[in-house]
1. Pick out the one residue from Gly171, Gly149 that is in contact with a strand residue (DSSP E or B) (Cβ under 7 Å, 6 or more places away or on another chain) and buried (at least 21 other Cβ atoms within 10 Å of the Cβ).
2. Suppose we filter Gly403, Gly348 for residues that are surrounded by 21 or more Cβ atoms within 10 Å (Cβ to Cβ), touching a residue at least 40 places away in the same chain (Cβ under 8 Å) and within 19 Å of Gly239 (Cα to Cα); which single one remains?
3. May I ask you to list the residues in the range 3-45 that are surrounded by fewer than 17 Cβ atoms within 10 Å (Cβ to Cβ), over 29 Å from Ile90 (Cβ atoms) and either out of contact with any Pro (no Cβ under 8 Å at 6 or more places or on another chain) or modelled with pLDDT under 95 (or both)?
4. Looking at the range 189-206, which of its residues are crowded, with 22+ Cβ neighbours inside 10 Å and over 18 Å from the mean Cα position of the chain (by Cα)?
5. Just a yes or no: is a residue in the range 6-16 outside any strand (DSSP E or B) and either without any contact (Cβ under 8 Å) to a residue 40 or more places away in the chain or among the hydrophobic types (A, V, I, L, M, F, W, C) (or both)?
6. Is it the case that Ala91 is of a type outside the set (Asp, Glu), in contact with a helix residue (DSSP H, G or I) (Cβ under 9 Å, 6 or more places away or on another chain) and within 24 Å of Gly25 (Cα to Cα)?
7. Can Leu379 be described as on the phi > 0 side of the Ramachandran plot and either touching a residue at least 24 places away in the same chain (Cβ under 8 Å) or among the acidic types (Asp, Glu) (or both)?
Amino acid sequence: MPPADIPPFEAAITGIGMVTSAGIGTETSWENIRAAEGTAAARLPALEGIPADVACGIPDFDAAKIIGRRKAWRLDRNAQLALASAAEAIADSGLDWQSWDGARVGVIMGTGVGGTATWEKQVQVRLEKGPEKVSAMLVPSLIVNMTSGHIAMEYGARGPNFVTASACASGTSALGAARDLLRNGTCDIVIAGGAEAALSPTLIAGFDQMGTLSRRRDEPTAASRPFDVDRDGFVPAEGAAVLILEHPEHARARGARIRANIRGYGASADAYNATAPDPEGAGAELALRAALRDAGVTPQEVGHVNAHGTSTKLNDLTESKMIRRVLGDHPAVTSVKGVTGHALGAAGAIEAAVTALTLESGQIPPTANLESLDPEIELDVVAKAPRTAGVEVAVSNSFGFGGQNAILLMTRA
């Protein structure tokens with residue numbers, strides 16, 4: 001957070017790209033998130049034998065068609081999703097990447113676990129065929145930094161380039177770091193967001209063994225139900241979202257359309273437990289109050305919260321109590337995970353993109369599958385249908401294993 005005598009800084013969002021289980025492309029994802037007719041969740045054959053075999057994949061994503069067959073062959077799916085989202089975001093921004101000063105363009109992406117599909121496949125290759133058959137592309141496909149690396153190589157972005165790995169807060173952490181690069185003058189443009197494609201059987205089995213996943217196998221599209229009294233765990237998903245952030249002077253100088261702004265960022269640690277949130281939400285509260293201070297905004301000014309809202313018993317209750325304690329009961333709250341599922345390290349980026357679209361459109365999407373609000377959750381949770389509201393200030397919450405907390409405060413352009 002800057003010293004008190006430094007005015008708040010607004011990073012302009014000038015482009016958005018999304019590939020989610022709600023749809024390929026921003027327009028389709030946004031339309032289906034607003035419709036909130038349940039998730040694209042299904043029982044995946046690849047997860048057969050795992051009690052929680054429900055997940056939100058993107059079956060219609062054709063990487064070869066979108067990014068080219070040669071690139072698709074070389075990349076893990078998480079990098080494929082990242083490149084597809086980045087291409088849409090850059091096109092949406094109106095920037096000409098072939099003429100920009102690449103030294104002033106950074107790339108910061110959030111990824112929770114990296115190329116798990118590649119890792120799992122190559123472990124089988126080694127066990128069945130021997131080490132000499134392991135792919136030479138294993139390491140560059142596996143390591144988490146390659147989502148940012150491939151975007152930089154594709155678009156000649158030679159500024160700071162790294163990945164944030166703060167579990168399910170990774171995408172939000174990336175956007176917060178990107179804003180700092182603009183505020184301190186290091187970059188004019190930052191390509192930032194998150195990508196994750198971690199629906200590999202071993203990882204999902206690990207989550208299931210922890211008891212965090214929904215086992216609503218008989219009704220998979222209703223399995224992700226944030227804030228509902230009958231929620232029983234999250235539904236894992238794959239997906240990506242990329243936002244183009246620009247220094248406001250740079251955006252104005254080229255006459256860019258500004259879709260929304262990132263004005264505040266707060267991060268903290270629970271320092272409590274590897275997997276469970278602090279039951280009082282103390283760490284999350286630190287992050288939210290830091291974002292408010294950073295933005296110079298009072299709690300009363302926040303009109304909307306895009307909640308982390310995972311559909312787990314612990315998160316939803318802890319988060320709701322923290323929101324009410326800090327912001328009161330006046331903000332309209334929603335969780336998009338009822339539609340998108342939980343895309344782990346990409347979730348925060350997807351939800352930041354949705355928050356920007358909410359501010360731009362004046363439409364708050366509902367929380368899908370919310371049939372009966374948990375009576376312990378004393379918030380104004382939007383359900384059943386979109387709500388029209390002229391929101392000027394919104395926050396987007398993300399929390400992750402390890403007690404990682406990251407929150408963005410965003411404003412209408």
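The values are calculated or read from the model by the stated rules, or taken from the named source; none is laboratory data. Everything numeric here is computed off the predicted structure, so don't read it as measured data. Cβ placement follows ideal geometry from the backbone for every residue including glycine, while neighbour counts extend to all protein chains displayed.
1. Among Gly171, Gly149, only Gly171 is in contact with a strand residue (DSSP E or B) (Cβ under 7 Å, 6 or more places away or on another chain) and buried (at least 21 other Cβ atoms within 10 Å of the Cβ).
2. Of the residues listed, the single one that is surrounded by 21 or more Cβ atoms within 10 Å (Cβ to Cβ), touching a residue at least 40 places away in the same chain (Cβ under 8 Å) and within 19 Å of Gly239 (Cα to Cα) is Gly348.
3. Within the range 3-45, Pro3, Ala4, Asp5, Ile6, Pro7, Glu37, Pro45 qualify.
4. Scanning the range 189-206 gives Ile189, Ile204.
5. Within the range 6-16, one or more residues are outside any strand (DSSP E or B) and either without any contact (Cβ under 8 Å) to a residue 40 or more places away in the chain or among the hydrophobic types (A, V, I, L, M, F, W, C) (or both).
6. Considered against the rule, which asks whether it is of a type outside the set (Asp, Glu), in contact with a helix residue (DSSP H, G or I) (Cβ under 9 Å, 6 or more places away or on another chain) and within 24 Å of Gly25 (Cα to Cα), Ala91 comes out as no.
7. no
The rows are residues; the columns are (1) under 24 Å from Ala356 (Cβ atoms); (2) surrounded by fewer than 22 Cβ atoms within 10 Å (Cβ to Cβ); (3) more than 19 Å from the chain's Cα centre (by Cα).
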residue: Ala260; (1), (2), (3): yes, no, no
residue: Ala271; (1), (2), (3): no, yes, yes
residue: Gly281; (1), (2), (3): no, no, yes
residue: Leu286; (1), (2), (3): no, yes, yes
residue: Arg293; (1), (2), (3): yes, yes, yes
residue: Asn306; (1), (2), (3): yes, no, no
residue: Leu317; (1), (2), (3): no, yes, yes
